[in-house]
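Here's the structure we're looking at; comments come further down.
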Amino acid sequence: METKILVNKLVKKYGDHLVLDKIDVAIKEKDVVCVIGPSGSGKSTFLRCINKLEEPTSGQVIVDKFDLTDKNTNINEVRQHIGMVFQQFNLFPHLSVLDNITLAPIDIKKMDKNEAEKRAIELLEAVGLANKKDAYPDSLSGGQKQRVAIARALAMDPDIMLFDEPTSALDPEMVGEVLQVMKNLAKQGMTMVIVTHEMGFAKEVANRVVFMDGGHILDDGSPDQVFNNPKSERTANFLNRVLNV
Amino acid sequence: METKILVNKLVKKYGDHLVLDKIDVAIKEKDVVCVIGPSGSGKSTFLRCINKLEEPTSGQVIVDKFDLTDKNTNINEVRQHIGMVFQQFNLFPHLSVLDNITLAPIDIKKMDKNEAEKRAIELLEAVGLANKKDAYPDSLSGGQKQRVAIARALAMDPDIMLFDEPTSALDPEMVGEVLQVMKNLAKQGMTMVIVTHEMGFAKEVANRVVFMDGGHILDDGSPDQVFNNPKSERTANFLNRVLNV
Amino acid sequence: MKKKCFIFSLIFFMACTLFLGINSQKIHAENKVYKVGTDLTFAPFEFQNDSGEYIGIDIDLLNTIAKKQNFTVDLKPLGFNSSVQAVQSGQVNAMIAGMSVTEERKKSFDFSNPYFIGGISMAVHGDNTEIKSYDDLKGKVVAVKTGTVSANYVDKIKDKYGFTVKSYDSADALYDVINVGGADAIFDDYPIIDYSITKGKSLKRVGDIQERCDYAFAVKKGTNQELVKMFNEGLKELKQTKEYDGIIAKYTSNSSQSNDASSIDESTFIGLIKNNYKSLLSGLEKTLILTLVSFIFAMVIGIMFGLFSVAPVKPLRMLSAFYVDVVRGIPLLVLAFFIFFGIPNITGKPMNEYIAGIITLTLNASAYIAEIVRGGIGAVPVDQMEAARSLGFSYTKTMRKIVLPQAIKIMIPSFVNQFVISLKDTTILSAIGLIELLQVSKIIVARTLQSSEVYLITAIIYLVIITLLTRLAKILERRFR
Amino acid sequence: MKKKCFIFSLIFFMACTLFLGINSQKIHAENKVYKVGTDLTFAPFEFQNDSGEYIGIDIDLLNTIAKKQNFTVDLKPLGFNSSVQAVQSGQVNAMIAGMSVTEERKKSFDFSNPYFIGGISMAVHGDNTEIKSYDDLKGKVVAVKTGTVSANYVDKIKDKYGFTVKSYDSADALYDVINVGGADAIFDDYPIIDYSITKGKSLKRVGDIQERCDYAFAVKKGTNQELVKMFNEGLKELKQTKEYDGIIAKYTSNSSQSNDASSIDESTFIGLIKNNYKSLLSGLEKTLILTLVSFIFAMVIGIMFGLFSVAPVKPLRMLSAFYVDVVRGIPLLVLAFFIFFGIPNITGKPMNEYIAGIITLTLNASAYIAEIVRGGIGAVPVDQMEAARSLGFSYTKTMRKIVLPQAIKIMIPSFVNQFVISLKDTTILSAIGLIELLQVSKIIVARTLQSSEVYLITAIIYLVIITLLTRLAKILERRFR
Ligand SMILES: Nc1ncnc2c1ncn2[C@@H]1O[C@H](COP(=O)(O)OP(=O)(O)OP(=O)(O)O)[C@@H](O)[C@H]1O
Ligand SMILES: Nc1ncnc2c1ncn2[C@@H]1O[C@H](COP(=O)(O)OP(=O)(O)OP(=O)(O)O)[C@@H](O)[C@H]1O
Ligand SMILES: [Mg+2]
Ligand SMILES: [Mg+2]
C-alpha cells in the first residue's frame, strides 16, 4: 500500500528544550497506528506536527505528496484532508451540533447547505447522535461531545484522522461509546494515528504500535510484538507499570 | 468489630435536586470500603458528608459516637480523627512539603515542632519521599503530590481515611505509586472509605464494595459478590461497560 | 450576529438623534442681532431658571426693550470678566451684568442711562421686632460677607453704633447664620436681600439703602452707539408704562404674587428638586450625550487597536501596546489640559471645549476598550483557534467565524463597565468648562447657595444611573456565562 | 509574614517622614510678624522661581524693607482677589500685588506711597529698525491682549496713526506673534515687556509710557497704620541707597547681568525644564505624598471591607457591598465637591482642601481595594479552604494561615495598579485647589505662558512614573504566578 504520511528527521524544540529528536516514521494507507508513552514524551507534539499545528524546527513532514515544511504549500488545503480530534473535544460552543459539523464544508468546501446538512445527519447517525442535532455543546455529556467532534472532523471527508487521547477526559462509562466509533472507523479502512493510554484498545484495533519516550521512538511494530516482546527495556518497564495496576 | 461510622437515613439536597436519598450504611473498624458508581451518582457528596464538608439536609452521621448532625458537636475536633485525601491533592502551595505536613499537628494538636518534624519525616519515608521534604508542591509530579497529601492527612493520626478518586488526576504511570501506599495503609488496619474507578484495586484491596447510582446504594458486599454476582441489573450494566473497554 | 447589529444601530441612532437635538437648539435670527454678554449667575439680575433659561432683572429688561425697539438679542452668558473682555475685543456688542458705573470703567465703556440703583442695606430676621434702626445695634452681632462693600461699610460704622462684626466667606453661610440666631443683623446688597426674601428666607430690611451706585448697560467706548440709544429709549418707555416696575417687583418684591416656578422655596430639599429638576435633567442629558458620542468613537478606535494587539504582525502589536501604554499612563485631566490649552498654543487656533472634551474621553476610553478587546479574545481558549485551523479555516476566517463571536459575548459586560467609567470621567471635563451635569450643579449652587443639598442630589443622580448600568453589566455577565 | 510586615512598616515610615517634611516647612517667627497677601503669579512683580520660592519686584522690595525696619513678613500668595478679601476680613494685615491706586479702592484701603509707576508701552521686534515712533505705525499691524488697558488705548489712537489692530486672548500668543512676524508692534504693560526681554524675547520698547498709574502697598482702611509708615520709611531709604534701583533693574533690565537661574530662556523646551524642574519635582513629591497617605488609609478601610465581603456573617457582607456600590457609583469629582463644599455647609466649619482631598481619595480607593481583597480571596480555590477545614482548622485559622497568605500574593499586583489609579486621580483634586503636580504646572503656565510645552512635560512625568509602576505590577504578577 501507498505511504500516506512520511516523517523525515523531524526535530521540534521549544527554545532550548528538545521535544522531538530526529523522528523518522512512514505511515501507510489504512494503517491504524497507536502512539503510547509516558507523559511529556512528545506524543502530542508529534501528532500536531503532522498537520502543522506545531511548526517543526527542522526535518520534513510529507502528507500525500504535500511537503508541509515547504513555505509554498497551502496548509489550509492540506488540513482539509487531515481530520483531528482533541482530548478536550474543542467543539464551538456558540454553534449548534449541526452547525458545528456543517460550518467547514459550507464555508471552505463551498458545499450546498442542504447537502451539507444531509451529510451531517448521516454522520450523526453513524455516531448515534442524530437526535442531538439541534442541541448546543454545553448540554452534551463528555462522550457525546467527543462523538460530535469526530463527526465534525469526518464531515470534511479526510483521508487521515488524528486522535490525541480522545478518551482521557471522559468518565469511565463514556469511554466505551467513543472507542466503539473509532473501531468502526478503523474497520472502514481510515488511516488513523491515535495517541492513547487505552492499552486494551491499542491491542485490539491497532495494526501498529509506536512507543515514544524523551522525543525518541523506542519501539515500533505490531501490537503483539510491542506488548509481548518489546525491543527496549524502557518500553517493558512502562508497560509493566501501566498494565499491572 | 466496632462500628466506626454509622450513616442513618442520610438525605442531601441542593435546592430541589435530591443527591442522596436516605442512605443507610454502617462501617466497621478496619473496614476498607470502595465506593463505585457512575458520574453524578453522589459518591463524592456521600464521602464529604462523613466529615461534614457538606451539611446533610436530614438524617444522621455518627462517627466514633460523635453525632455530626448535632449542633453541639465540635466539628473541628471530630475532623482531626478523619483524614481526607482529595482528587486534586489540595496541597498548600505556599508551604514546603514539610510545613504542609507539620502545620496541623503543631497548630491544632500543639505538638512540639521538633517532634512534629520527626514524625513528618517518618511519614515521608513511608510514602518514599523523604528527599522531597524541603521542596514546594509546584515542583512535584502528580503522584508525588498525592503521596504528600496522604502523609499530611496521616500526620494527624486519624482513625479513618477518606479518599475521593485519589488517582484519577494522575498520569497512568503514577497511579501505581499511590495505590501502593494505600495498600500498605490497608494492611496496617486503617479504616478507609475510597471512592474510585480503579476496579482492579477495588478487587484486590477492599473487603467491601458499595455501588451507588442516583443517590441510592444499589449494591453492597464483598468485592467478589459485587463484581461477579451483582444484585442489581444497573450494577451489572455499569461493570460491564467499565471493565470491557 | 443579528442582535449585535441591532444594538449598534440603536446606539448610533440614539447618538444621531441627540446630536440633532443639540443643533436644533440654536436661536433663529431676525431684525438686527446683537450679541450681549452677561454674567453666568448673579441673582436676581441674571440666573438660570429650572428649564435652564436665563431670567432675571437684566435679562427681562433687555428682552422687553429689544421687543419694543425691534432688535434681537443673542444672549451670551460668559461670566462677568469674560464679558468685559468680549465687549472690548468686539466678540459681543454689549453687556448687561449688574455692572456698576465707575470712573475707571468709563474710560473703556460707554454706558446707557442707569436702569437700577444698587446699594447695600441692613436686614434682620422676619420675627425680629427689637432692631428698628442702626441705633438699636448696640451690643449686637452683625454678619457680613468678607471682601464686599457691605463689609467695608459696617467696619466704618461699627464703633459709632457699638456692634460686633462677624465675617463669612460664602453668602449661604451669611443667610443661614441669621436663621440659627448666630447674628442679629446682616448687611448685603439690597437686591440680593430682596431676592432671598422672595426665595422664602424669613428676613426684613431695616434702615435706608447705603452706598448707592448705578447699574447700566455697557458697550465698548465709541461703538454700537445706536444700541445704547435704543436701550435708553426702550428703558424710558418701560418706565412710563410701568412695565419696569413689574419686572423689578417680580424679582425683589416681598409679596411675590407671581406664581411662577422660581417662587418655590429652594431652601428645602424638595423645593430644590422641584425647581431644578429640569436643568439637572438637561445636564444629565448632556453628560449622557458626551459619554455616548465619545464612547462610540472610542469603540471604533479601541476595537481597531484591540485587533491590532492580537494580530500575527508584530509591528501592529507593538503599535497597539504603545498607544495603550501612553494613553493609560497620562491622567485624564492632564490629557484634557494638554488638548484644550496646549494644542491651540501650537496651532494658534482656539479649541472648542466640547471637541476637546470628546477627544479626551475618546482617547482615554479607546485605550481601555483596546485592552478589553485583547482580553476578550485572549479569554477564548486557544483550543478554539486550533480546532478551526485544523479543519482548514484560515486565520482571518477563524477570527471572524469562531473567535470573535465568542469573544464579543465575553466583552459586552466590560464594555458596559467602561461606559460607566466614561460616564464618571465626564465630570472631570467640567474643569475645562464643559457644561454637563456637574457643571449644571455648580451653577445651581451659585444661585441657591445650597451646596450640600445640590451636590448630594447630583451624587444620587450619578449613583442611580451608574448602579443601574452596573446591574446591567452583572446581568449580562451572568447571562453570557 | 516577615516580608509583609516589612513592606507595611516601610510605607508607614515613608509616610511619616514625608508628613514631618511638610510640617518642618513652617516659617519661624521673630520681631513682629505681618501677614501680607500677594498674587499667585504676576511676573515680574511676584512669581515662583525654580525652587518654588516667591520672588519679584514686590517680594524683594517688601523683604528688603522688612529687614531694614525690623519686622517679619509672613507671605500669603492667595491670588489678587482673595488677597483683597483677606485684607478686608483681617485675615492678613496688608497686601502687595502690583495693585494700582484707584479712587474706588481708596474707599476701603489705605495705600503706602507708590513704589512703582505702571503704564503701557509699545514694543517691536529687536531687529526692527523701521518703527521709531507712533508715526511709523501707518499701515502696520499692532497686536494687543483683549480686555486690557492697552487694548483700549490702541483703539483710541488707531485712527490717528492709521494702523490695524489684532487682538489675542493670551499673553503668550501676543509675544509669539511678533516673533513670527504676524504683527509689527505690540502694546502691553511696560514692566511685562521689560520682564520678557530679560527672559530672552527679542523685543525693544519704542515711545513713551502711557496711561501711567501708581502701584502701592495696601492695608485695610484705618488699620495697620504703623506698617504703612514702616513701608514708606523703608522705601525712602531704599531709594536713597539705590537698592531700589537694583531691585527694579534685576527684573526689568535689558542687560540682565545677574546670572541667576531665572535668567534662563524659558521659551525653549530645555530652558523650561532647567528653570522649573525643582518646582515640578516638588509638585511631584506632593502628588506622591497625597497618593501615599490616602492609599495607606484606603488600605486599612479597604481591607476591612474586603474581609467583611467574604465573612460568613450576612449583615457584614451586605454592609460591604453597600459601601462599595455607593462609593463606586459616585464620580470622584462629585465626591470631592460634596466633601469640600457640601460638608462645610452642613457643619459650618471650613474644610482644608488637603483633608478634603485625602478623604475623597481614601474613600474612592478603599472601595476598589475592598473589591481587590474580595477578588484575591475568591481567587484562592475553595479546595484550599476544604483541605484545611478537613484537617481540623477553624474558619478564622484557615483564613489566616491558608487563604490570606495565598490571596495577598494574588492581590499585590492589583494594589500597585490601584496605586497608579490613585496617582492619576490626584490630578482631579486640582479642581478643589489642591497643590500637586498638575496645579504646579498650571502655575508655571501662568508665568511662562508656554502651555503646550509645560503640559507636555507634565504628561511625560506622569507617563514615566506610571509606566514604571505598571511595569512593577507586571513583574510582580509574573513573579507571583
Ligand atoms: N508550547 C510549549 N512550550 C514549551 N514547551 C512545551 C510546549 N508544549 C509542550 N511542551 C513541552 O514538550 C514536551 C512534550 O510535550 P507533549 O505535550 O508533546 O507530551 P505528551 O507526550 O503529549 O504528554 P501527555 O501524555 O502529558 O499529553 C513536554 O516536556 C512539554 O512540557
Ligand atoms: N455544590 C453543588 N451544588 C449543586 N449541585 C451539586 C453540587 N455538588 C454536587 N452537585 C450535584 O450533585 C450530584 C452528585 O454529585 P457528586 O459530586 O456527589 O457525584 P459523584 O458521584 O462524585 O460524580 P463524579 O464521579 O463525577 O465525581 C451531581 O448531579 C452534581 O451535579
Ligand atoms: Mg499529550
Ligand atoms: Mg466525585
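Please treat every number below as a calculation from the coordinates, not as lab data. Keep in mind that what you see is a predicted model, and the values were worked out from it rather than measured. Here the Cβ positions follow ideal geometry from the backbone for every residue, glycine too, while neighbour counts run over all protein chains shown.
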- Message: At 7 Å along Cα-to-Cβ for each site, give me the label-to-label distance between residue A:109 and residue B:131 in nm.
- Response: 5.5
- Tell me the distances, shortest first, between residue C:133 and the same position across the other copies, using label points 7 Å along Cα→Cβ, in nm to one decimal. 6.5
- Nm distances between the label at residue D:383 and the same-position labels in the remaining copies, 7 Å along Cα→Cβ, shortest first? 1.7
- Note the angle between two axes, namely the Cα long axis of helix B:233-243 and the longest principal axis of the Cα atoms of chain B, as a number of degrees from 0 to 90, rounded to the nearest 10. 50
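Hey, got the dipole for segment C:269-480? About the Cα centre, +1 on K and R Cβ, -1 on D and E Cβ, debye to the nearest 20? Before the final figure, lay out the partial values.
Numbers: 20 positive and 10 negative charges, 93 e Å.
Approximately 440 debye in magnitude.
Quick one: order D:214, D:58 by neighbouring beta-carbon count within 10 Å, fewest to most. Show your work: numbers first, answer last.
On the way: D:214 17, D:58 29.
Result, fewest neighbours first: D:214, D:58.
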- Message: Projecting each Cα onto the charge dipole of segment B:114-161 (Lys/Arg +1, Asp/Glu -1 at the beta carbon, about the Cα centre), which of B:114, B:139, B:156 comes out farthest on the positive side?
- Response: B:139
- Note on the structure: Neighbour-count ranking for B:168, C:441 (other C-beta within 10 angstrom, fewest to most) reads B:168, C:441
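So if we plug the beta-carbon distance of residue C:469 and residue D:421 into 1/(1 + (r/R0)^6) with R0 = 25 Å, what FRET efficiency do we get, rounded to 0.05? If you can, show how the numbers build up before the last one.
On the way: r = 20 Å, r/R0 = 0.78.
Taking R0 as 25 Å, the efficiency between residue C:469 and residue D:421 is 0.80.
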- Note on the structure: Under 5 Å from the placed amide H of residue D:92, counting only residues 5+ away or on other chains, we find D:87
- Treating only the Cβ atoms of Lys and Arg (+1) and Asp and Glu (-1) as charged, compute the dipole magnitude of the protein assembly as shown about its Cα centre; round to the nearest 20 debye. 480
- Task: Compute the distance in nm between two label points, each set 7 Å from the Cα along the Cα-to-Cβ direction, one at residue D:460 and one at residue A:74.
- Result: 5.2
- Note on the structure: Row for the protein assembly as shown, column shape: gyration tensor on C-alpha, a ≥ b ≥ c, rounded if a/c < 1.5 i.e. under 1.5, prolate if a/b over b/c, else oblate; value prolate
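Take the alpha carbon atoms of segment A:104-245, find their radius of gyration, then divide it by 2.2 N^0.38 Å using N residues; give the quotient. Mind showing how you got there, number by number?
Values: Rg = 17.6 Å, N = 142, 2.2 N^0.38 = 14.5 Å.
In units of the 2.2 N^0.38 Å rule of thumb, it is 1.22.
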- Message: Let me check I have the definition right: for segment C:269-480, take the eigenvalues of the Cα gyration tensor, multiply each by 5, take square roots. What are those semi-axes in whole Å, largest first?
- Response: 39, 23, 11
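Too long at a 32 Å Cα-Cα cut-off: which of B:30/B:110; D:32/D:145; A:183/B:22; C:140/D:35?
Those over the limit are D:32/D:145; A:183/B:22.
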- Scattering profile of segment A:120-204 from the Debye formula, Cα beads only, expressed as log10 I(q)/I(0) at q = 0.18, 0.20, 0.21 Å⁻¹, is -0.76, -0.95, -1.05
- Work out from phi, with θ = phi - 60° and the Karplus expression 6.51 cos²θ - 1.76 cosθ + 1.60, the ³J(HN,Hα) of each residue of segment B:107-117, listed in order in whole Hz, and give x for Gly and Pro. 7, 9, 7, 6, 6, 4, 4, 4, 4, 4, 5
- Got a sec to turn the phi values of segment C:287-302 into Karplus ³J(HN,Hα) couplings, 6.51 cos²θ - 1.76 cosθ + 1.60 with θ = phi - 60°, whole Hz, x for Gly and Pro? 4, 5, 4, 4, 4, 5, 4, 5, 5, 5, 4, 5, 4, 4, 5, x
- Query: What residues qualify as long-range amide H neighbours of residue B:69, i.e. H under 5 Å apart, gap of 5 or more or another chain, H built at 1.01 Å from N?
  - Reply: B:61
- Note on the structure: With the charge dipole of chain B built from beta-carbon charges (+1 for Lys and Arg, -1 for Asp and Glu) about the Cα centre, the Cα from B:227, B:201, B:10 projecting farthest to the positive end belongs to B:10
- Label point 7 Å beyond Cα along the C-beta direction, distances from residue D:164 to other copies (nm, shortest first): 6.6
- Burial ordering of D:299, A:182, fewest other beta-carbon atoms within 10 Å first: D:299, A:182
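In square nanometres, what is the average projected area of the Cα convex hull of segment C:333-430?
Values: hull surface 31.8 nm².
Answer in nm², one decimal: 8.0.
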- Item | Positive-end residue of B:217, D:174, D:304, charge dipole of the protein assembly as shown with Cβ unit charges | B:217
- Counting Lys and Arg as +1 and Asp and Glu as -1, each charge on the Cβ, what is the dipole of segment D:378-452 about the Cα centre in debye, to the nearest 20? 180
- Query: What is the minimum Cβ-to-axis distance for chain B, in whole Å, where the axis maps B onto A, and to which residue does it belong?
  - Reply: B:168, 5
- Item | Environment charge of residue C:140, counting only residues whose C-beta is closer than 15 Å and scoring Lys/Arg +1, Asp/Glu -1 | 0
- Task: In a Gaussian network model over chain A where Cα atoms closer than 10 Å are linked, find which of A:16, A:224, A:24 has the largest mean-square fluctuation.
- Result: A:16
- Query: Translational D (Stokes-Einstein, µm²/s) of segment B:1-78 at 10 °C and 1.306 mPa s when Rh comes from the Kirkwood sum over C-alpha pairs?
  - Reply: 122
- Step through the residues of segment D:277-282 one at a time and calculate ³J(HN,Hα) from phi using the Karplus curve (6.51 cos²θ - 1.76 cosθ + 1.60, θ = phi - 60°), rounding each to whole Hz and writing x for Gly and Pro. 4, 5, 5, 5, 5, 5
- Would you pull out the residues with amide H under 5 Å of residue D:75's amide H, same chain only if 5 or more places away, H placed 1.01 Å from N? D:36
- Note on the structure: Rounded to the nearest Å, the spacing of the alpha-carbon centers of segment D:389-444 and segment C:53-101 is 51
- At q = 0.08, 0.11, 0.14, 0.15 Å⁻¹, the log10 of I(q)/I(0) for chain B from a Debye sum over equal Cα scatterers comes to -0.31, -0.59, -0.94, -1.07
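Among the listed pairs A:13/A:65; C:166/C:204; A:13/A:71, give every one whose C-alpha distance is greater than 22 Å.
Details: A:13/A:65 25 Å; C:166/C:204 19 Å; A:13/A:71 19 Å.
As for pairs spanning more than 22 Å Cα to Cα, those are A:13/A:65.
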